[in-house]
Structure formats: structure tokens, C-alpha cells
């Protein structure tokens, strides 16, 4: 599901970063990489909005609305017994749900 969510809520404020490297350790998609003075945001489009980076950042240098992106869609689909390739259960708008085009979405509003 990597890079399938075109837009996300990830915001990074490198001026706040203290280079603790927690974001690089907890991110399942290597969105962040170690840098000399602060973490580097290297793959922002790979963010699935799980929120692990923001929850582990001690200085709030990262902001993300967990529970709105593909991570939530995958969890919701699994709980509902849906197939992410053919059905979407994230509850988002039909034109943005799970990063798919409207004509490929089935059951996007939970119907």
C-alpha cells in the first residue's frame, strides 16, 4: 500500500527537531531519515498517517492526524472484512477515499 495515498496530513517542523531519531526508528515506511542536525523528511508521500512519529516526538516537531489516512482505512477494512483492492471502508469523500479514483471505489461511505 506504499505511496498510494496522494495527500496526507503529515507536517514536519525541522527547526523544532532535536535529532533524537525516534521518528526514524518508529516509522514503518522510512518517511524520515537520520540527518546531521535534525531528521530529514525524505519520503512524505509514503506516510500512511499511523501517527507513530508524532506520538514519539518529544518536542512536537511532527504533526499528523492519525486515523484519517490509509492506515485507518486498512484497519477499518480488516475489521469489516473488506478487501482494500476492491472496496474502501475509510468513510472518506468518494473522490479522495484511500487515494483511489472515484470509479474504482466501492462501498466508500460504508454502504
Is it true that some residue in the range 39-53 is at positive phi, surrounded by 14 or more Cβ atoms within 10 Å (Cβ to Cβ) and in contact (Cβ under 8 Å) with a residue 24 or more places away in the chain?
yes
Of all residues being farther than 15 Å from residue 31 by Cβ and part of a loop (DSSP other than H, G, I, E, B) in the range 66-76, which is modelled with the lowest pLDDT? Just the residue, please.
68
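Here's the yes/no breakdown for (1) at pLDDT 95 or above; (2) over 10 Å from the mean Cα position of the chain (by Cα):
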| site | (1), (2) |
| --- | --- |
| 1 | no, yes |
| 7 | no, no |
| 12 | yes, yes |
| 25 | yes, yes |
| 39 | yes, yes |
| 45 | no, no |
| 50 | no, no |
| 60 | yes, yes |
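The values are calculated or read from the model by the stated rules, or taken from the named source; none is laboratory data. Keep in mind the model is a prediction, meaning the values are calculated, not measured. Here the Cβ is made from the backbone with ideal geometry for all residues, glycine too, and neighbour counts use every protein chain on show.
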